Amino acid sequence: MPEIIVKPSNLKELWKMLPGLPARRRYLAGGTDLVTAGVAGVEHSECWIDIGDLPELGSIKEAAGSLFIGSGVKISEIESSKAAARWCPALVAAIPHFASPSLRNMATLGGNAANASPCADGACSLVAEGASVLLALKGKKRRLPLVDFFLGPKLTALKKDELILGFEIRKRRHAGAYLKLGPRAYFGISKAAVAVTAELSGGAVKRVRVALGSVAPVPLYAARTSAFLADKKLSAETIAEASALVRTEASPITDTRSEAAYRLDMCGVLLERALKSLA
Amino acid sequence: MKEKLSYIGRSLPRKDALIKAVGAAQYADDREFAGLLHAAAVRSPRPRIKILSISDARARRLPGYVTLVTYRDIKGVNKWPVVMQDYPFLPEKEARFAGETVALVVAATARAARKAAALVEIKYRELPFVEDPLKALEKDAVKIFGDDNVISSFVIKKGSVDAALKKAAYTAEGEFSTNYQVHAYLETQGAIALPESDGGMTVHSTTQCPFYVLDAVAAALGIPYHKVKILQTVTGGGFGGKEDVPALVASHAALCAAKTGKPVKLIYGRKEDFQSMSKRHPGWARVAYAADKSGRITACRVNYVLDGGAYSTLSPIVLWRGTVHAAGPYKIANVDIKTYAAATNKVPCGAFRGFGQPQVCFAQESLIDELAEKVGMDPVQFRLKNLLEPGDRTVTGQKLNSSCGLKELVQTVRKRSGWDKKAKPRAAAGDVATGIGFSATYYGVGLGAKGRYLDRAGALVNIYKDSSVGVNVGNTEMGQGALTVLAQIAAETLNAPYESVKVEEVDSSKVPDSGPTVASRTTLMSGNAIIEAAAPLRERIFKTAFSLLSAAGADASKKMVAAGGIFSMGGKSVDFRKVVAECWFRRLKMSEQGWYAAPRTTFRMEDGQGDAYVIYSYSADAAEVEVDLKTGVAKVKKIWAAYDVGRIVNPRLAVGQAQGGILQGMSWALYENLIYKNGIMVNPNFTDYVIATTADKPEYDITFIEKPYAGGPYKAKGMGEVPLIGVAPAVANAIKNACGARVNSVPLLPEKIWKELKKVAAR
């Protein structure tokens, strides 16, 4: 842990205090990744800026065409949000797989994205939701499709001192699923995960978005599989083809958590099960 | 016939439940002292290094920094006295595993100490190292221990295995391996050392074995034992992980305290605890069994290797226990067991619940199923045909006495689990296949022949004037319930109210060296020592009670009955408090020491024949498992288990021990996977070293079949380790039964099952 931790009371105050802070500084939200990294000896900032309680980041807001989830919203708040359940079913389906109840009371969705882990359950499901991310730096705001936000393991498009305001999800009626294969029944980092959203019409799906966790350097949008599934009936054949196709999109590695070949196969198995759950 | 007992066999509340539940218990790190300094370890970054120099030049600039402590500060002998003396308190020229403490720093705060430790510079040259225990035993391996890297080796030889194998109608052979297990105690290692004005040292230590700490601190400081006092703090879990290594941690704290003249606290972080503290040995075994046409086992050959790590610590004894039990609890005429503990440049492994048995039990109980299949018998029927019974001889030639309920256990588990209906392979439901698997084990209680010189225990029972009873023993509470069970034994013997008895955490100055708190020996050893101490007190109390009752006009022709703290006779009664007051008034001696030494064992190291342990406990397990045929994920749905651990002192605590042991065994079997890469531990944390959670917990069905042991306190044996041992093979056998996949290595990861399923599909 650094010697200095500052806590601005609003965004304006944050932008004002930035120039006076040590150069090696990081934002601290729920702390569930950062504190762990500190304990493991891989986080060496001189200063943490606690943005966990910034009012501008703390709410879920429903507008006419979209739902906004502030980056500081705790995962457990999303779990109990009716608006989230209605407009981002894949995200809500991911939450029981997200760490443990106590960590969900601390962790934020913004932190989950900013940490840029390929296995982030929240980030992966948000990619399937087709979310955009809203960023701010000293009053300047910009918006990115979330898929463009992730550049690699622990790498994002965030500029120095830029922070995530929140995520925007277009309001459209759709179904969603999130299936994860972890090391035990719950509370583990995924070996492979699949998030799916689908706009259903009659027996067919119109638009589909498939995202994969832990099988690529980033939470991966499976573009080809998603395109293949568009406007198809979810027959056993289609599902089998999609699950074969998705195996060609992932590029998993072998590490302490699992093996590449197994992970690849699991992308197919999980997608098959996710699609069946929607059909 | 059961005696009438007031406290034994009753689920009395745990003595330490409340303070632990409300967070009032004082663990090592909770203790504060005036002028307290803090130490942190400087660790070797590489698997094997030649130390060229150690410099604290940069650390010295840090506010709060006090001093560096190296081997040069050791006034005693720089050899930690464990079994063999190859582990220095602090290395002089060579450090032998990544994470080994090379030096210590002392500072005003724990934070400053950790920062200072990171600033200490070790200049070193890397030396070639050994990582794989099987390669370590090869001729051309780099030598790091003796001239063959063999820390220890044992044999058991009986009959002729070659001849039996040749004649056999059926044989089964296989190679099996198991990985490390981390104790995952909630409280990491730690100690506080306080220098005394006479040059002595008082040490507060979280430990299973205060007398090992005593040995080590006295040796490191070079001072006599009577100047060293070890006080065990409330210990937040041990499981074997606080057997030997707390002595090292405490010695380091003591060296720092001796150098600075101030109290020093040394508390481990989780990462360094993973990297440097003891583990369950990874094991490798090649096992072969032979059977005749009728399905009688005729021979067993075992080659068993444990990965000892960089120093010998407890490896010889762990290996010995594994050796004795390596063939399983069966009648076998021809046996050839050869075992080795190999040295590698990794964390030294030591004690862990089961102590060298679970690794080889996984191998032999998996293979028993394979042999039964070849013979064409149901695995339970096959076991029943071959299991040990009272009067039978074990593979070491030991004749078993009447306290052996193994067959009854197997029949009980068979019946309760519905084995006969479930054992035939069942059709999968969609992607999910269900199967059931079995195992049977035995466990030598106590230290046995290899540890016989340590197998004794003392007790001090002291009845105060107000009739409260203080009991000091040399074995420890570490979560298993010793304070409670031992209080029940004391209360029963004295006819004191249970509430009036307090058993204390160990103070090494109050009782003689009672050996370690290991090997499921505490109830047996400390229990017997308490009974010995309490017997003369009991006589005085009972005589006094009799005379009080007689004086009160009780009809002395009636028998006096003592129960639940009340003495009654012929219509009159008197309570324990009044009787004790009278004893004190009569100036009777109300404090006694007790001593219990385990009976002799006759085991010979040359051929492995003779009595290995004084008495055995037994277990049988059936596991029902669901396997996802696409993902290879196995989920244990239910475990049926039955144990013969002698008389049960506290049923609720016994069930707790059983559930905990099953879950810990299942966790090792399915999930726990500590990984080394190029001599460096890759996942020293609970993010990537995964243990079972309550969500993984199976349903339990636990039965005790109490075969009384005449030599035990109120006929108890020992049970702490028994429930863990047979779980892994039962689960592996259930996976095989469910889907045909035989996985030969623990943990039984989905990736391994998935690979085996592909082979099954290709057949």
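The values are calculated or read from the model by the stated rules, or taken from the named source; none is laboratory data. No experiment lies behind these values; they were computed from the predicted model shown. Cβ: placed from backbone, ideal geometry, glycine included. Neighbour counts: every protein chain shown.
Looking at the stretch B:289-302, can you tell me whether even one residue there is within 24 Å of the chain's Cα centre (by Cα) and either touching a residue at least 40 places away in the same chain (Cβ under 8 Å) or under 30 Å from B:V130 (Cα atoms) (or both)? Yes: the stretch B:289-302 contains one or more residues that are within 24 Å of the chain's Cα centre (by Cα) and either touching a residue at least 40 places away in the same chain (Cβ under 8 Å) or under 30 Å from B:V130 (Cα atoms) (or both). Output the number of the condition that A:G65 fails; it satisfies all remaining conditions of (1) modelled with pLDDT of 95 or more; (2) within 14 Å of another protein chain (Cβ to nearest Cβ). If we test A:G65 against (1) modelled with pLDDT of 95 or more; (2) within 14 Å of another protein chain (Cβ to nearest Cβ), just (2) comes out false. Residue by residue through the stretch A:208-230, note down the ones that are touching a strand residue (DSSP E or B) at 6+ places or on another chain (Cβ under 8 Å) and either of a type in the set (D, E, K, R) or not assigned by TED's automatic domain parsing to the domain that holds A:S251 (or both). Once the filter is applied, which keeps residues that are touching a strand residue (DSSP E or B) at 6+ places or on another chain (Cβ under 8 Å) and either of a type in the set (D, E, K, R) or not assigned by TED's automatic domain parsing to the domain that holds A:S251 (or both), the stretch A:208-230 yields only A:R209. If you filter the stretch B:688-702 down to residues that are touching a helix residue (DSSP H, G or I) at 6+ places or on another chain (Cβ under 7 Å) and among the charged types (D, E, K, R), you find that the one that is nearest to the other protein chains (Cβ to nearest Cβ) is B:K697. Taken over the stretch B:1-33, the criterion of being without any contact (Cβ under 8 Å) to a residue 60 or more places away in the chain and small (G, A, S) is satisfied by B:A17, B:A21, B:G23, B:A24.
Within the stretch A:147-158, being out of contact with any Gly (no Cβ under 9 Å at 6 or more places or on another chain) and in contact (Cβ under 8 Å) with a residue 24 or more places away in the chain holds for A:F149, A:F150, A:L151, A:G152, A:P153, A:K154, A:L155, A:T156, A:L158. Residue-level check: of (1) in the same structural domain as B:D607 (by TED's automatic domain parsing); (2) among the polar types (S, T, N, Q); (3) under 26 Å from B:I615 (Cβ atoms), B:S366 misses just (3). Scanning the stretch B:617-644 for residues that are buried (at least 24 other Cβ atoms within 10 Å of the Cβ), part of a strand (DSSP E or B) and more than 29 Å from the chain's Cα centre (by Cα) yields a total of 1.
Filtering A:G176, A:G268 for residues that are in contact with a Ser or Thr (Cβ under 6 Å, 6 or more places away or on another chain), on the phi < 0 side of the Ramachandran plot and within 14 Å of chain B (Cβ to nearest Cβ) leaves a single hit, A:G268. The condition of being surrounded by fewer than 20 Cβ atoms within 10 Å (Cβ to Cβ), more than 21 Å from A:I49 (Cα to Cα) and either more than 12 Å from the chain's Cα centre (by Cα) or not hydroxyl-bearing (S, T, Y) (or both) holds for only one of A:P118, A:P183, A:P145, that being A:P145. When B:K758 is tested against (1) charged (D, E, K, R); (2) in contact with a Pro (Cβ under 7 Å, 6 or more places away or on another chain); (3) free of Cβ contacts under 8 Å to residues at least 60 places away in the same chain, only condition (2) is not met.
For (1) farther than 21 Å from B:D701 by Cα; (2) crowded, with 21+ Cβ neighbours inside 10 Å; (3) in contact (Cβ under 8 Å) with a residue 60 or more places away in the chain; (4) among the charged types (D, E, K, R), each residue gets a yes or a no:
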| position | (1), (2), (3), (4) |
| --- | --- |
| B:P379 | no, yes, yes, no |
| B:S403 | yes, yes, yes, no |
| B:V410 | no, yes, yes, no |
| B:K422 | no, no, yes, yes |
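The single condition among (1) touching a strand residue (DSSP E or B) at 6+ places or on another chain (Cβ under 9 Å); (2) at pLDDT below 95; (3) farther than 30 Å from B:S276 by Cα that B:R763 does not satisfy is (1).
In the stretch B:59-86, the residues that are in the same structural domain as B:A113 (by TED's automatic domain parsing) form Cβ pairs under 9 Å with partners that are among the charged types (D, E, K, R) and assigned to a strand (DSSP E or B), at six or more places apart or across chains, as follows: B:A59/B:E121. A:V205 meets each of the listed conditions (1) farther than 29 Å from A:A260 by Cα; (2) within 16 Å of the chain's Cα centre (by Cα); (3) crowded, with 24+ Cβ neighbours inside 10 Å apart from (2).
Screening the candidates A:P8, A:P89, A:P19 for the property of being crowded, with 16+ Cβ neighbours inside 10 Å, more than 30 Å from B:V682 (Cα to Cα) and outside the structural domain of A:F149 (by TED's automatic domain parsing) yields one hit, A:P8. Assess whether B:L588 counts as being within 14 Å of another protein chain (Cβ to nearest Cβ) and hydrophobic (A, V, I, L, M, F, W, C). Considered against the rule, which asks whether it is within 14 Å of another protein chain (Cβ to nearest Cβ) and hydrophobic (A, V, I, L, M, F, W, C), B:L588 comes out as no.
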